[in-house]
Amino acid sequence: MNEAQIVEILLVEDSPEDLELTCRALKKANLGNRIHIARDGEEALEFIFCEGRYSNRHVEDTPRLILLDLKLPKVDGLEVLQRIKSDPRTKHIPIVVLTSSQEHADIVKTYQVGVNSYIVKPVDFESFAKAVQEAGMYWLLLNQAPKLDK
């Protein structure tokens with residue numbers, strides 16, 4: 001794959017407002033150059049597994065980080081998480097759930113399935129931007145991911 005086509009962050013979000021805020025926060029932290037946006041769970045799975053409109057991609061060309069909302073149309077975030085974490089080709093991708101849900105059951109279920117981090121979206125923009133920036137900085141710059149054979 002061409003270096004310019006590599007996706008570092010897959011952002012799975014259906015809310016136009018949260019999408020704009022997240023992208024702005026990532027760009028502010030200089031992490032917004034290689035973001036791909038999926039607006040529902042079905043599109044996210046097609047992107048990750050190179051199906052449908054993304055059949056020209058290769059499964060090995062995984063994003064370095066997935067920011068995943070739980071409440072999504074078509075396929076919910078928990079099912080997206082389960083599919084990604086149950087496939088040996090994609091289970092290594094760090095997934096950060098970025099959601100408004102503070103439900104204890106949602107937190108427990110996502111960790112049981114293999115989420116790497118669970119962040120409740122703060123209400124005000126400054127706190128939201130800081131949470132997104134810190135998650136991006138950690139997973140893209142500080143975390144040491146294993147080198148995978150492609």
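No lab work stands behind these numbers, since they all come straight from the coordinates. Just so you know, these numbers come straight off a predicted model, no measurement behind them. Please note: Cβ atoms are built from the backbone with ideal geometry, for glycine as well, and neighbour counts cover all protein chains shown.
What the table below lists for this structure:
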{"item": "Three principal axis lengths of the stretch 55-150 [C-alpha, angstrom, descending]", "result": "41, 29, 26"}
{"item": "Nitroxide proxy distance, nm - points 7 Å out along Cα→Cβ at E103 and F125", "result": "3.0"}
{"item": "Electrostatic dipole magnitude of the chain [Cβ: Lys, Arg +1; Asp, Glu -1; Cα centre; debye, to 20]", "result": "460"}
{"item": "Normalised contact order of the stretch 3-142, rounded percent, pairs of Cα under 8 Å and 6 or more residues apart", "result": "26"}
{"item": "Helix runs (DSSP H) in the chain reaching 27 Å along axis by Cα, Kyte-Doolittle at least -0.5", "result": "none"}
